[in-house]
Amino acid sequence: MDNKDNNGVLSQADYSSATALSTAANFIMNAAEPFTHTYRTYVRLRENGGLTLKFWHSNHVDSTWDLGQEASGSEPGGEWVIEAAYIADGGLVPDGSVTPGTQIPVTFGGQGSRQVASGECFWSDEAELELPEGHYLAFTWTIRTLAAGKSFPYNVEGMLVSGFDAPGNLAGSETAEKFSESDKLLVAPSYIGYKKQAAKKLVFLGDSITQGVRTEKDAYSYWAARIAEGLGTEYGLWNIGSGWGRAYDVAGDGPWLNKAKQGDEILMVLGVNDLDIGKRTAEELLGDLAGIISKIKESNPAAKIILSTVPPFNFAEERETYWRTVNAAIRSNPPAGVDRVFDIAAVLSEPAPEEHRIRPEYMSNEFDPHPNGHAGKAVADAFLAWYRQPE
């Protein structure tokens, strides 16, 4: 198995993704001067109880934000320092505090701090935590930047989980004092793993629709999370959906694709942003999808590829024509290497001839065609029924 950074998620085969939350990075911190800041994120794990956790981080931007003026796919992060990191019982309500006495240091090679090199990938040591049923994991770390300008990658989309941040080194603080609720600032490890032998490891590769953007915070109502729940914990599921991501970001064979290569099975739901902000033609998009599949199969011939149709996004005119062309090709003549095709568009679309439009009841609001939690349930139900059928 090719693993470009030699320090990927596969190097810890006895670990599985502990959450359906995506922590893929689509932005990079860019400050006028060096700073020290603390970030606390509340995550619902797929299992609770006695846990052995381990964290992996990729110091890269995964996908391009907007047109790449601020952050572009595969861009390496700068140099920065983890001053301290902790896991803790975040309680039943994510309010900025942690349950007193439950913080456990997260170490790196036995050290409580770590300097991160530009473009580096690295693992934490194991950390053990008892997390009562229904309680959130709180992950807190203090990051110190070493210079003005670009430093660490993060996700700038609307928050899907509760997060809090504060100036200074407050990683060891149990209270919410000095913390403010974070907005469009998910600063978290790239992979939150727990010791678990999964029968099969699935990777969901997509854009904001896979990430779950615009669904209710802390509700895990987007379809990737609902599918994870429906499959059960014998299946590992790593959601690497990234807002504004596009197929040509992945096709560049950088850190984002390297994440996808870690799966036994990869579900690809890409194309909306390629056709929209990326202004790709149908031929260009199909070429990028074929390239991604070829690179995954070259890295791991045993990997199974599920290619999804492109979700409806209320495209018009030329973009609608390209959308129809791409989906017709995916349904009837998918790229070489595709093992199965999942038709997400058929679930979300209006009846013909308006199938390029998402059903109004599935829209986040009357102006936003991002699928809501209701759509998440419809897609998950359809996927689970389809996935369990014999191939």
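The values are calculated or read from the model by the stated rules, or taken from the named source; none is laboratory data. Small disclaimer: the values here were computed from a predicted structure and weren't measured. Virtual Cβ from ideal backbone geometry, glycine too; neighbours counted across all protein chains shown. We work out accessible area using only protein heavy atoms, side chains counted, and drop any ligands, DNA or RNA first. Shrake-Rupley method; radii C 1.70, N 1.55, O 1.52, S 1.80 Å.
Values computed for the structure shown
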item	result
Gained length - residue 199 relative to residue 130, 0.36 nm times residue gap less alpha-carbon distance	22.4 nm
Pairwise centroid distance, computed over Cα atoms, of region 279-303 with region 322-391, Å	19
Length added when fully stretched, residue 47-residue 146, from 0.36 nm per residue minus Cα-Cα	32.0 nm
Those GluC sites (Glu not before Pro) in region 30-91 that DSSP places in a loop and that have at most 15 other beta carbons within 10 Å	47
Neighbour-limited loop hits for GluC sites (Glu not before Pro), region 153-221 (at most 11 other Cβ within 10 Å; DSSP other than H, G, I, E, B)	177
Cα gyration tensor category, rounded, prolate or oblate, for region 198-388 with a/c compared to 1.5	oblate
Label-point separation in nm, residue 340 to residue 354, each point 7 Å along Cα→Cβ	3.2
Of the DSSP H helices in the chain, those whose Cα atoms cover at least 24 Å axially and whose Kyte score averages -0.5 or more	282-299
Dipole magnitude of the chain, debye to nearest 20 (Cβ charges: Lys/Arg +1, Asp/Glu -1, about Cα centre)	620
Cα centroid separation - region 246-262 against region 131-173, whole Å	25
Radius of gyration and maximum dimension Dmax of the chain, Cα, Å	20.0, 61
Share antiparallel - DSSP beta bridges, the chain, percent rounded to 5	75
Sites matching GluC sites (Glu not before Pro) across region 267-357 that sit in DSSP coil, with at most 13 neighbouring C-beta atoms within 10 Å	354
Helix-only [θ]222 nm of the chain, DSSP H runs n ≥ 4, -39500 (n - 2.57) each, per residue, nearest 500	-6000 deg cm²/dmol
Entries in 196/261; 195/217; 259/297 that, when Cα-Cα distance is taken, lie over 21 Å	195/217
Accessible surface of the chain [probe 1.4 Å, protein heavy atoms]: carbon and sulfur percent	48
Integer Hz, Karplus 6.51/-1.76/1.60 couplings in order for region 238-252, x for Gly and Pro	10, 8, 10, x, 9, x, 6, x, 9, 4, 6, 4, 5, 5, x
Relative contact order [Cα under 8 Å, 6+ residues apart], the chain, whole percent	19
Positive-end residue, the chain charge dipole about Cα centroid, Cβ charges, pick of 356, 333, 80	333
Per-pair calculated FRET efficiency, R0 = 51 Å: residue 111 and residue 314 via Cβ, rounded to 0.05	0.50
Stretchable slack from residue 93 to residue 381, in nm (0.36 nm times residue separation minus alpha-carbon distance)	100.9 nm
Given 15 as the ceiling on other Cβ atoms within 10 Å, longest exposed-site-free region of the chain for trypsin sites (Lys or Arg not before Pro) in DSSP loops	5-177
Förster-model FRET efficiency, 25 Å R0, residue 33 and residue 217, C-beta, rounded to 0.05	0.20
Whole-number accessible area per residue in Å² for the chain, which is evaluated in the context of all protein chains at 1.4 Å	37
Lys/Arg +1, Asp/Glu -1 at C-beta; region 15-191 dipole; positive extreme among 30, 189, 136	30
